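Novice: Take a look at the following structure, please.
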Amino acid sequence: MEKCIKIEYDYNSFKLKDKHDKVLIITDENVNKYQFEDFKKALNHKFVEVFIINSGENSKSLNVYEKIIKFCIEVGITRKSVLIALGGGVVGDLAGFVASTYMRGIDLVQVPTTLLSQVDSSVGGKTGINIGNIKNIVGTFYQPKLTYINVNSLKTLGESEYLSGLAEVLKYSFIYDYEFLNYIVDNSKGILSRNEDVLSYIIKKCTDIKWEVVSKDEKENGLRKILNLGHTFGHGIEKLCGLSHGFAVNIGTNMAFNLALDKGFIDNEYYQKFIYVSNLLNIPISFKYESPEEILNLMKSDKKNSFGNINLVIPVGRGKVEVFDNIKDNEILNVIKRCINA
């Protein structure tokens with residue numbers, strides 16, 4: 001795998017590396033409104049087609065996927081074409097899946113426009129669509145030719161969407177680099193005010209960590225699983241409770257920390273620092289829901305499970321996690337209940 005991640009402060013330096021007969025841009029209605037024209041101007045290609053999807057997880061469906069494939073056929077997208085995913089995680093996952101399957105694979109470029117997609121989903125080659133309440137159950141591993149990150153695109157985000165992305169930033173400090181957590185605390189004002197230099201640093205730090213992990217385990221057979229901290233809990237919360245991905249993941253991370261406390265893997269001081277930094281960045285750690293059993297049942301359908309066991313990433317020390325598949329259902333249910341209306 002070749003590392004092709006470029007972090008810039010605008011779209012002006014964006015250039016396609018290879019010659020392509022056509023360009024297909026997949027974006028959503030929000031990005032189309034605020035960023036599309038600037039990007040298209042920088043792209044400067046004669047043959048550009050655009051497919052705009054509705055914003056939100058519901059667009060990651062077989063129905064939308066089929067519409068895009070039919071559109072590709074209608075406008076003459078070929079094996080010499082390139083697909084550009086201009087948007088957040090939903091656009092990136094869906095467009096990546098289209099690129100990996102159309103004509104058995106065409107070139108893909110990721111241009112993430114949200115903090116969550118810039119630090120996480122646009123790097124590593126995961127694509128996916130949802131079936132019902134099961135997130136990313138259909139997908140591929142397909143590396144983009146380039147991931148182009150415009151730091152200043154984050155200034156167009158609403159506050160809630162921006163804060164949601166910070167949960168994925170925090171994740172990297174818990175799984176790989178505890179000193180990065182101290183940087184986040186020390187620079188929290190710059191993060192919350194969207195200081196471009198601070199953002200550039202944290203985006204580079206997160207993408208470097210993710211690339212290091214993915215380069216050692218592209219297909220998630222071992223080490224890459226640590227990137228799922230909070231996600232097995234979080235996906236259930238996200239689908240059933242209507243929370244954003246990042247907020248759901250941080251609540252899921254709180255559950256993982258609670259399990260770690262129950263098991264004696266970490267001390268209360270470390271857990272309190274998680275609480276402190278979550279509050280500092282205005283990221284939730286609890287939620288309201290009537291049926292914790294529903295969340296547990298949805299967790300059992302997670303694609304990361306094996307041999308009928310739920311795989312959970314749990315902290316075992318400062319900046320360290322391990323994957324466990326022997327946590328009993330009642331233990332999981334207890335931490336879910338503990339984080340409801342807490």
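Novice: Within segment 245-297, track down each residue that is open to solvent by 60 Å² or more (accessible area, probe 1.4 Å), among the aromatic types (Phe, Trp, Tyr) and assigned to a helix (DSSP H, G or I).
Specialist: Hit for segment 245-297 is 276, nothing else.
Novice: Right, here's the next one. Quick one: count up the residues across segment 1-15 that are open to solvent by less than 60 Å² (accessible area, probe 1.4 Å) and either without any contact (Cβ under 8 Å) to a residue 60 or more places away in the chain or over 22 Å from the mean Cα position of the chain (by Cα) (or both).
Specialist: Counting residues in segment 1-15 that are open to solvent by less than 60 Å² (accessible area, probe 1.4 Å) and either without any contact (Cβ under 8 Å) to a residue 60 or more places away in the chain or over 22 Å from the mean Cα position of the chain (by Cα) (or both) gives 2.
Novice: Pull up segment 16-29, narrow it to residues that are surrounded by fewer than 21 Cβ atoms within 10 Å (Cβ to Cβ) and out of contact with any Phe, Trp or Tyr (no Cβ under 9 Å at 6 or more places or on another chain), then point me to the one that is farthest from residue 150 (Cα to Cα).
Specialist: That would be 19.
Novice: Modelled with pLDDT of 95 or more and out of contact with any strand residue (DSSP E or B) (no Cβ under 9 Å at 6 or more places or on another chain): is that true of residue 250 in this structure?
Specialist: So residue 250 fits the description; yes.
Novice: Continuing with the same structure: Report yes if residue 164 is closer than 28 Å to residue 240 by Cα and in contact with a strand residue (DSSP E or B) (Cβ under 9 Å, 6 or more places away or on another chain), otherwise no.
Specialist: Judged against the criteria, residue 164 is not a match.
Novice: May I pose another question? If we keep just the residues of segment 145-188 that are of a type in the set (A, V, I, L, M) and part of a strand (DSSP E or B), which is nearest to residue 2 (Cα to Cα)?
Specialist: Restricting to residues being of a type in the set (A, V, I, L, M) and part of a strand (DSSP E or B), the top hit is 146.
Novice: Would you mention how many residues in segment 204-224 are within 24 Å of residue 130 (Cβ to Cβ) and touching an Asp or Glu at 6+ places or on another chain (Cβ under 8 Å)?
Specialist: Number of matching residues: 2.
Novice: Continuing with this model, one more query. Quick one: in segment 42-59, which of the residues that are farther than 29 Å from residue 138 by Cα and free of Cβ contacts under 8 Å to residues at least 24 places away in the same chain is least open to solvent (accessible area, probe 1.4 Å)?
Specialist: The extreme case among them is 44.
Novice: Looking at (1) touching a residue at least 60 places away in the same chain (Cβ under 8 Å); (2) of a type in the set (Lys, Arg); (3) open to solvent by 10 Å² or more (accessible area, probe 1.4 Å), which one does residue 171 not meet, given that it meets all the others?
Specialist: (3)
Novice: Which one is nearest to residue 131 (Cα to Cα) among residues in segment 236-250 that are of a type in the set (Gly, Ala, Ser) and touching an Asp or Glu at 6+ places or on another chain (Cβ under 9 Å)?
Specialist: Only one residue tops the list, namely 236.
Novice: Pick from 242, 230: which is free of Cβ contacts under 8 Å to residues at least 12 places away in the same chain and within 23 Å of residue 304 (Cβ to Cβ)?
Specialist: Only one candidate passes the filter, namely 242.
Novice: Specify which of the listed residues (90, 138) is hydrophobic (A, V, I, L, M, F, W, C) and over 15 Å from the mean Cα position of the chain (by Cα).
Specialist: 138
The values are calculated or read from the model by the stated rules, or taken from the named source; none is laboratory data. Because the structure is a prediction, the values reported are computed rather than measured. Here Cβ is always computed from backbone atoms with ideal geometry, including for glycine, and neighbour counts include all displayed protein chains. Please note that ligands, DNA and RNA were not included when accessible areas were found on the heavy atoms of the full protein model with its side chains. Shrake-Rupley method; radii C 1.70, N 1.55, O 1.52, S 1.80 Å.
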